[in-house]
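The values are calculated or read from the model by the stated rules, or taken from the named source; none is laboratory data. All values reported here derive from a predicted model rather than from experimental measurement. FYI the Cβ positions are ideal-geometry reconstructions off the backbone, even for glycines, and counts take in every protein chain you see.
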Amino acid sequence: MEKLILLFYLLLAVAGGEPGRTVVTHAIVDGEDVIDSQIQIIGELASFHCLRSKTGVCHYTVLPSRCATTGNGCKPALTTFSMREGDTLVVTTLPADFRSCVTASPAAPSECAQQMASLTRATP
């Protein structure tokens, strides 16, 4: 059933049936890529792409949107997962307004809070 839902959303995306958005996280420290990730979101479908990571692994934390704005009610996370550089994961059950944090090593809560706060300020 999930494959059918995924196919349906992909067909809508190709046909232009539902607008999507892309969230890019790219951090460079001392000229070295620390993390480079892209998340493509179309409705409830989110495709997580670990493009590059200093450690070879991207660590994701996905939270409800209220966590980015209030800092309250953030536990437990909707999901947490890790994937190797170059891998992609498609998740079909996230709310459209979720927020995420991606780091090169397992993130401390304060690191994710800072990342989400900066994304919230940058989003119109």
How do the pairs read when you match residues in the range 84-100 that are closer than 12 Å to Y60 by Cα with residues anywhere that are part of a loop (DSSP other than H, G, I, E, B), using Cβ under 7 Å and keeping only pairs 6 or more apart or on different chains?
-> R84/G56
Filter the range 64-86 for residues that are closer than 22 Å to L51 by Cβ and exposed (fewer than 14 other Cβ atoms within 10 Å of the Cβ); which is modelled with the lowest pLDDT?
-> F81
